[in-house]
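Below is one structure, written out as C-alpha cells; comments come after it.
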Amino acid sequence: MTTTPAIIAHLESLSNDAHRAGMVRFGIETRRAFGIAIPTLRNIAKETKTACKAYKISLHELACELWETGFHEARIVAILLEHPSTMSAEQAESWVYDLDSWDVCDQLSGNLLWKLPERDELLECWCAAEPEFVRRAGIVLIAHIAVHDKKLPDERIIAYFPLLEQYAYDERNFVKKAVNWALRQIGKRNPALRDEAIACAERINAQDSASARWIAKDALRELQGYEFRSRKVSRKGFS
C-alpha cells in the first residue's frame, strides 16, 4: 500500500461497527471513522513505511495526502507515517486546527509535536486559541513533553505552570482533562517537581471554579500519595 486510494480502500475493508460504537462511548468523533483499533493502524503504518522505502516514495507527501482525506483512521496513519524532521511549523498549525477528536489530538502531540523545535511557541499560541481541540493540543503537548523529554531541566518544566493555571477555568471536558493530565505528568517526573505541581494544584484550587476545583482535587489525590521508585543500581561490570 503506497497510495492514498489503496490505503483508504484497505481501511474501509476493515470497518468494524462494534468497534466504532465503542469509540463513541469513549467520546471519540466517529462521523468519518471506520472503527479500527490502534494496533491495526500501527501495523498498516509499518507495512506502508516498508513499501514506500522499497519504492522510494515520500512518506511526508503520502502522510499529507492521507491527512487531507479527513478520515479518522487515515489521519492517525498519517501521523504514524510523518516524521518531525519533515513537519514544518505551518503544517503542524494546519493539522492542529483540523482536529475534531481527542484521540487524534493526543496521537499527534505524542508522536510528532513534542519533537518539534518550535513546540514552545506553538503550544502557547494553541493554548490561547478558543477551539476546544486546539487548546487541548497545546496543553496535552505539555503533558507529552513532561513524559518524553527526559533531559529537559526542571526550570523549563516549571515555566509551563502559568499556562496550566491560566486555562484551568475552561469547563470543556477535553480541556480540563488535559490540564489535569499535564499537571500530574509534571509532578511524576521527580520529587522536586511533585512539590511544585502540588503547589500549582493548590493555586488552581484557589481559583474556585468548578473546573479548577476538579483539576486540583484529582491531581492532588494522585500526587500527594505518589511514591517514586528507587532505581536499582546494576552491578554488571563490577568484580
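The values are calculated or read from the model by the stated rules, or taken from the named source; none is laboratory data. Everything numeric here is computed off the predicted structure, so don't read it as measured data. Reconstructed Cβ throughout: ideal geometry from the backbone, glycine too, with neighbour counts over all protein chains shown.
There is no residue in the stretch 40-57 that is loosely packed, with under 14 Cβ neighbours inside 10 Å, under 19 Å from residue 100 (Cβ atoms) and basic (Lys, Arg).
Regarding the stretch 7-15, can at least one residue be identified that is of a type outside the set (A, V, I, L, M) and either closer than 28 Å to residue 182 by Cα or part of a loop (DSSP other than H, G, I, E, B) (or both)? Looking for residues that are of a type outside the set (A, V, I, L, M) and either closer than 28 Å to residue 182 by Cα or part of a loop (DSSP other than H, G, I, E, B) (or both), one finds at least one in the stretch 7-15, hence yes. Among the residues in the stretch 76-84, are any on the phi < 0 side of the Ramachandran plot, assigned to a helix (DSSP H, G or I) and without any contact (Cβ under 8 Å) to a residue 12 or more places away in the chain? No: the stretch 76-84 contains no residue that is on the phi < 0 side of the Ramachandran plot, assigned to a helix (DSSP H, G or I) and without any contact (Cβ under 8 Å) to a residue 12 or more places away in the chain. Could you tell me whether the stretch 121-144 includes any residue that is under 14 Å from the mean Cα position of the chain (by Cα), farther than 16 Å from residue 96 by Cβ and not charged (D, E, K, R)? The answer is no, given that none of the residues of the stretch 121-144 is under 14 Å from the mean Cα position of the chain (by Cα), farther than 16 Å from residue 96 by Cβ and not charged (D, E, K, R).
Against the condition out of contact with any Leu (no Cβ under 6 Å at 6 or more places or on another chain), closer than 20 Å to residue 226 by Cβ, not β-branched (Val, Ile, Thr) and not in a helix (DSSP H, G or I), how does residue 150 come out, does it pass? The answer is yes for residue 150. Within the stretch 136-147, not a single residue is in contact (Cβ under 8 Å) with a residue 60 or more places away in the chain and under 26 Å from residue 91 (Cβ atoms). Scanning the stretch 177-195 for residues that are in contact (Cβ under 8 Å) with a residue 24 or more places away in the chain and in contact with a Gly (Cβ under 9 Å, 6 or more places away or on another chain) yields 178, 193, 194.
Scanning the stretch 157-176 for residues that are part of a helix (DSSP H, G or I) and touching a residue at least 12 places away in the same chain (Cβ under 8 Å) returns 157, 158, 161, 163, 164, 165, 166, 173, 174, 175, 176. Just so you know, in the stretch 21-37 the residues that are closer than 22 Å to residue 68 by Cβ and either of a type outside the set (A, V, I, L, M, F, W, C) or not assigned by TED's automatic domain parsing to the domain that holds residue 73 (or both) include one that is surrounded by the most Cβ atoms within 10 Å (Cβ to Cβ), and it is 35.
Filtering the stretch 74-86 for residues that are within 22 Å of residue 148 (Cα to Cα), touching a His at 6+ places or on another chain (Cβ under 8 Å) and among the hydroxyl-bearing types (Ser, Thr, Tyr) leaves a non-empty set.
Let's see how each residue does on (1) without any contact (Cβ under 8 Å) to a residue 60 or more places away in the chain; (2) in a loop (DSSP other than H, G, I, E, B):
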{"site": "29", "(1), (2)": "no, yes"}
{"site": "36", "(1), (2)": "yes, yes"}
{"site": "42", "(1), (2)": "yes, no"}
{"site": "47", "(1), (2)": "yes, no"}
{"site": "65", "(1), (2)": "no, no"}
{"site": "74", "(1), (2)": "no, no"}
{"site": "92", "(1), (2)": "yes, no"}
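To keep it simple, each residue is scored yes or no on (1) touching a Cys at 6+ places or on another chain (Cβ under 9 Å); (2) surrounded by fewer than 24 Cβ atoms within 10 Å (Cβ to Cβ).
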position: 134; (1), (2): yes, yes
position: 138; (1), (2): yes, no
position: 146; (1), (2): no, no
position: 151; (1), (2): no, yes
position: 155; (1), (2): no, yes
position: 166; (1), (2): yes, yes
position: 172; (1), (2): no, yes
